[in-house]
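As structure tokens, the structure follows; a few thoughts come after it.
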Amino acid sequence: MKGKGKSHGRKDSVIVVAGEGDFDRKVLWHLIRAFRPDTKIVNIRDKTSLREADKELTPRIDRLRKLAQAASVRSELAGIVVHVDLDLVNEEKYEEVRRRISAELRKHFACPSAVALAAFEMEAWLMQFPAAFAKVNNSWILKAKYQKGCDLTKIHKPKERLKEHAWTPPYLESDAPRIMEKAFSQDGKLMRPDGKNRSYEEFISELAGW
């Protein structure tokens, strides 16, 4: 009689996350987990910069493919997520960069892909969840102009806008993963965004479509 348990021929699934910074990748870990709670998520620690790659985009994506293969060895690569900060407020440039990177990912990866092209920076995504800031520190109250339907896609340098709140202690980039974690309720459900951000919405839509 064969013993019960996991088949030796079946591989575990893994989603690989790449990007420009460790804190941004950790923020994405929480978002991905909401959609794929049973899939292992692995962060590639090497910095992956794609926004201004231009002619270097194809070789950089190919290098990313090799890194993803190494990170998912003995597992099935179930998805690739790439974080990129747009670092500007420009709808035309946003669409061009997203289209170019998405096309290259589809060309090099057989698995689903998602581009976390944060406009302007990842902080503009976090600012959609003002209650999460207060959960990290009860004195961190976002200014009213950034709440109640604010289009955070159009906020220039959101990291600087957070510093202007003059909180004690001040917001640091290292706080970003904790804020994203607090955007989930005790039952694991993601809060409804208070503001809006096109780049966040398109990323979430990609994840949901896997």
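Part of a loop (DSSP other than H, G, I, E, B) and in contact with a Lys or Arg (Cβ under 9 Å, 6 or more places away or on another chain): is that true of Tyr171 in this structure? Talk me through it step by step, then tell me what you get.
Values: part of a loop (DSSP other than H, G, I, E, B): yes; in contact with a Lys or Arg (Cβ under 9 Å, 6 or more places away or on another chain): yes.
Taking the combined requirement at face value, the residue satisfies it.
Here's the yes/no breakdown for (1) in contact with a Cys (Cβ under 7 Å, 6 or more places away or on another chain); (2) more than 15 Å from Pro158 (Cβ to Cβ):
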| site | (1), (2) |
| --- | --- |
| Ala78 | yes, yes |
| Val84 | no, yes |
| Glu92 | no, yes |
| Glu96 | no, yes |
| Ala124 | no, no |
| Gln128 | no, no |
| Phe133 | no, no |
| Ala144 | no, yes |
Output for region 142-169, where each listed residue is under 23 Å from the mean Cα position of the chain (by Cα) and free of Cβ contacts under 8 Å to residues at least 12 places away in the same chain: Glu160, Lys163
Complete set of residues in region 121-150 that are open to solvent by less than 20 Å² (accessible area, probe 1.4 Å), closer than 16 Å to Ser174 by Cβ and not in a helix (DSSP H, G or I): Met122, Trp140
Region 92-120 - residue that is free of Cβ contacts under 8 Å to residues at least 40 places away in the same chain and assigned to a helix (DSSP H, G or I) and, of those, least open to solvent (accessible area, probe 1.4 Å): Ser102
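The values are calculated or read from the model by the stated rules, or taken from the named source; none is laboratory data. Quick caveat, the model's predicted, so the values are computed rather than measured. Virtual Cβ from ideal backbone geometry, glycine too; neighbours counted across all protein chains shown. Surface accessibility is based on the protein's heavy atoms, side chains included, excluding ligands, DNA and RNA. Shrake-Rupley method; radii C 1.70, N 1.55, O 1.52, S 1.80 Å.
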